[in-house]
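Participant: Handing you this structure, nothing more for now.
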Amino acid sequence: MSLSPGIAAGHRATADAGFEVLEDGGTAADAAVAASLASCVAETVMTGLAGGGHAIWFDGRTGEVRLLDFFVAVPGLDAYRAVAPLEDVGIPFENEIVHYQVGIASCAVPGVPAGLDELWRRHGKLPWERIVEPALRLARDGVEMPPAHAACLAMLSPVMTLREGAGIYAPSGDLLQTGERLEQPGLARALELVRDEGARTFYAGTIAKTLIRLMDERSGPVTADDLQAYEPRWREPLEASFLGLSVLTRGGLSNLAETMNALPTLRGLSPAERALTLAQVLIARPYTGHGERIGDTTNLVTADREGNACVLTTSLGLGSGDFLPGLNIHLNSMLGEVDLQVQPLVPGARMESMMSPALILDGAEPVIAAGSAGGTRLRPALVQVLSGILDEGLLLQEAVERPRLHSAGQIVRVEPGFEEEALSALEEAGYEVRRFSSIHHYFGGVSLISRSGGAADPRRSGSARALP
């Protein structure tokens, strides 16, 4: 039995772009690429063309499952290049200022264009120009800011308006608000180059030249050698077991497989027992001390009528604060993301990532395709949703909207909706419970498709659409 054909994503415009391509006869890969390009216009607070990502692909004909790694790479193949220092920027979170390292020195080698091109070449069938069309239209027309994206922009404004971004996100001097139009005319020019030159424009074409010029002007780390050496990589998934089902995902910092293996059944537990179990099992491992950090990420899921499915997650990190002149392309800040630096940064190597695109199989048949945004909250968000559906019997959207917790050391952050019994039990167990007043993008952004339909996260103003 196949997954329900359709799309779930982090923005209505993103979902509409993928749905349009599915309706036109495109594969799940075509739809995922078109939607991801659209997200680089509609969700520039969360992601962008100069970011990196991971995807998982299910082939409806063969049953094969493969991972596509197109995350950012460490620059520095030119060992003699002098690089500017990282810039410190403070982002308000709860009652404190959290410090991040951004600026041109934080930019790693982008992977999104190469990854989308590889996914389309391997599993797409519509012309490349058709795939780029919805995103290009969005860039020319502008796109409305939904509530979650406006709220995220308000939080991240110190970096989003650091330099060229001020003219994009605060064109009149004030930050864009919910319902106002995000205008990025330079992205139309960028997408025209992507359409006409293909992904190579980022690595050996017009956009590459613009990127290298900016790197030279601001003493950034990325060189022409770094760009030309970049390649996306297909990998084998890691497998875990949950309630007799197979969970296929990626390893690395994700830890999703290990967590699903360790998660006991929650069905029938009292609210207190459930909260304590989640706090214990979902604790950030290894605990870095940065569980409160905010990052930009988005996720989308597509499925077609031929039984193919794709989960695709992309990110800029926080974003460096630097934009390619005339193209409105925000550079990533992955070299400044301390949570990802668990190994030495070797030039040419892939950086680590917490992204966890996942497929749940019953034997050889897909049950759910799912992924999430959220940095350190990505894994716990996904686990709570999957457990809610597969173990506790919740409906798809009900499971996605259910209040979440995030456990980081002795601090447990919770959304409203947890019973007082549960919160008291956490405090009695020695946790410091920090309560949010409303559901919040901090707790991730899950999107998924099952056999019965799709669901998208209101924490990211997400949208799901099903083919009739």
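Participant: With a probe of 1.4 Å, find how much accessible area the chain has per residue, and write the answer as a whole number in Å².
Facilitator: Using a 1.4 Å probe on heavy atoms only, each residue of the chain averages 35 Å².
Participant: From Cα pairs below 8 angstrom and at least 6 apart in sequence, can you work out the relative contact order of the range 332-382, rounded to a whole percent?
Facilitator: Computed over the range 332-382, the figure is 25 percent.
Participant: Follow-up. In percent, what relative contact order does the range 32-117 have, based on Cα pairs under 8 Å that are 6 or more apart in sequence?
Facilitator: After rounding, I find 32 percent.
Participant: Moving on to the next point. Report, to the nearest whole %, how much of the accessible area of the chain belongs to carbon and sulfur atoms, 1.4 Å probe, protein only.
Facilitator: Carbon and sulfur atoms account for 49 percent of the accessible area of the chain.
Participant: Still on this structure, please answer the following. Suppose only helical runs count, i.e. DSSP H with n ≥ 4. What mean residue ellipticity at 222 nm does that imply for the chain under -39500 (n - 2.57) per run, divided by all residues and rounded to the nearest 500 deg cm²/dmol?
Facilitator: -9500 deg cm²/dmol
Participant: What's the extension gain from residue 155 to residue 266 if we count 0.36 nm per residue and subtract their Cα-Cα distance?
Facilitator: Between residue 155 and residue 266, full extension yields an extra 36.5 nm.
Participant: Among 338, 370, 248, pick out the residue whose Cα is farthest towards the positive end of the charge dipole of the chain, where Lys and Arg carry +1 and Asp and Glu carry -1 on C-beta, about the Cα centre.
Facilitator: 248
Participant: Separation between the residue 429 and residue 365 pseudo-spin-labels, each 7 Å from Cα along Cα→Cβ, expressed in nm?
Facilitator: 3.6
Participant: So between residue 1 and residue 163, what do we pick up on full extension, going 0.36 nm a residue minus the alpha carbon distance?
Facilitator: Here the answer is 53.3 nm.
Participant: Just check the range 1-76 against the gyration tensor rule for me: Cα atoms, a ≥ b ≥ c as the square roots of the eigenvalues, rounded for a/c under 1.5, and otherwise prolate or oblate depending on whether a/b exceeds b/c. Walk me through the intermediate numbers first.
Facilitator: Working: a/c = 2.57, a/b = 1.22, b/c = 2.11.
Because a/c hits 1.5 or more and a/b fails to exceed b/c, the range 1-76 counts as oblate.
Participant: I've got another one for you. For the range 1-109, which trypsin sites (Lys or Arg not before Pro) are both in a DSSP coil and crowded by at most 11 other Cβ atoms within 10 Å?
Facilitator: Answer in residue order: 61.
Participant: Could you work out the relative contact order of the range 309-395? I mean the mean sequence separation of Cα pairs under 8 Å and 6+ apart, divided by the number of residues, in percent.
Facilitator: The normalised contact order for the range 309-395 reaches 22 percent.
Participant: Continuing with this model, one more query. Would you please name the chymotrypsin sites (Phe, Trp or Tyr not before Pro) within the range 76-132 that are DSSP coil residues with at most 15 other C-beta atoms within 10 Å of their C-beta?
Facilitator: Here the sparse-neighbourhood loop sites are 80.
Participant: If you don't mind, another one. In the chain, if the dipole is taken from +1 on Lys/Arg beta carbons and -1 on Asp/Glu beta carbons about the Cα centre, which of 39, 437, 113 is farthest to the positive end?
Facilitator: Towards the positive end, the residue furthest out is 113.
Participant: Using alpha carbon centroids, what distance separates the range 29-90 and the range 190-264, in Å?
Facilitator: When both Cα centres are located, 4 Å separates them.
The values are calculated or read from the model by the stated rules, or taken from the named source; none is laboratory data. Everything quoted here is computed from the prediction, not taken from an experiment. Note that we place each Cβ from the backbone using ideal geometry, even for glycine, and neighbour counts take in every protein chain shown. Ligands, DNA and RNA are excluded from the accessible area calculation, which covers all protein heavy atoms including side chains. Shrake-Rupley method; radii C 1.70, N 1.55, O 1.52, S 1.80 Å.
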